[in-house]
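Throughout, read-outs are computed from the coordinates displayed, never taken from laboratory work. None of these values were measured; they are calculated from a predicted model. Glycine also receives a Cβ, built like all others from the backbone with ideal geometry; neighbour counts cover every protein chain displayed.
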Amino acid sequence: MSEMRKPVNSNQYFQFPEVPREVFDKNYLDQVIVEIRYPTYLHLKETAIPEISDKLRKDFPRYEAGETRQVTPAGVTEPEAVFSFSNRQNNFKIEVTSSRVVLSTHDYQSFENFLNNFKYVLDNCIPSLKAPFFTRIGLRFINNIKDISADGNDLADWINSDLVRPIGTEIGSVFTMKNEITGPLECGGRYGFRYGLAPPEVKSRHFILDYDYFNEDVEADACIDLLDDYHKLHFPFFWWSLGEKAKEALRSGVANS
């Protein structure tokens, strides 16, 4: 009897050309987000935990309470309380619910700065949530490229032609374009990549590049290394997604100006 062969992992991973990391005076980022999900903590279903607000008050003094609903195949869920804390400059926000914590910014300067704020969340929020592990952790970069001409004829100059090949003279004018790709990551977890052309506006078109890197069932002490791995994977992917005009605009400090 022949020996049973173990299944071979046939996954293929990112093969983007290596590029040196660059920091730009202006970028295309609309938002950068880290989301942590954990087993539901019932104490947060309706009321904020005082020790979290006490710890955040010094550095994140702006507080708002709201609610959110989830759309599922079974319908819309019951409203869930959301407790939001923003820093004094109002450029970083922490949102806490019974099952997730989200750190977001519309003013991304560097990954080091963003990671320092995430470490602050780990130190000041997570211990009070009694989370034994994280059911999911994700790092997301949402880019909005606004320099494309109104008729969209220069789209391939701003975006890698491999991504926009369906849009050409043969297909005629295109109002919108939406695409989504998912796949595995060599460091663990998966990625989701959404990209597309937003509806026409008066003077310009917007192209969205939305990258989401995530893993499930993660221990708290593994988060920093995992996010660092995702960040290292991200820049070559992002750089590959751009056309030459977008790269030049970044290097010249005129992106979306």
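Tell me which aspartates and glutamates have Cα within less than 14 Å of Lys232's Cα, excluding those fewer than 8 residues away on the same chain?
Glu18, Glu22, Glu112, Glu186, Asp212
How far is helix 223-241 tilted off the main Cα axis of the chain, in degrees rounded to 10, range 0 to 90?
10 degrees
For helix 111-124, report the angle its Cα long axis makes with the longest principal axis of the Cα atoms of the chain; keep it between 0 and 90° and round to the nearest 10°.
20 degrees
Label 7 Å along Cα→Cβ of Ser257; segment 122-149 residues with amide nitrogen under 14 Å?
Zone members listed by number: 147.
So if we plug the beta-carbon distance of Arg57 and Phe24 into 1/(1 + (r/R0)^6) with R0 = 51 Å, what FRET efficiency do we get, rounded to 0.05?
0.90
Sorted from largest down, give the three principal axis spans of the alpha carbons of the chain, whole angstrom values.
Largest to smallest, the principal-axis extents are 69, 59, 42 Å.
Over what distance in Å are the Cα centres of segment 18-69 and segment 155-185 separated?
32 Å
Once amide H atoms are placed 1.01 Å from N in the peptide plane, what residues at a sequence separation of 5 or more from Val82, or on another chain, have their amide H within under 5 Å of its amide H?
Gly66, Glu67, Thr68
Collect residues whose amide H, placed 1.01 Å from N in the peptide plane, falls under 5 Å from the amide H of Arg62; neighbours closer than 5 in sequence don't count.
Ser86
How long is the gain from Ile224 to Gln12 if the chain were fully straight, where each residue apart is worth 0.36 nm and the alpha carbon distance is subtracted?
73.8 nm
Using the reciprocal of the averaged 1/r over all distinct C-alpha pairs, how large is the Kirkwood radius of segment 119-256 in Å? Provide the component values of the computation, followed by the final result.
Numbers: mean 1/r = 0.0589 Å⁻¹.
For segment 119-256, the Kirkwood estimate is 17.0 Å.
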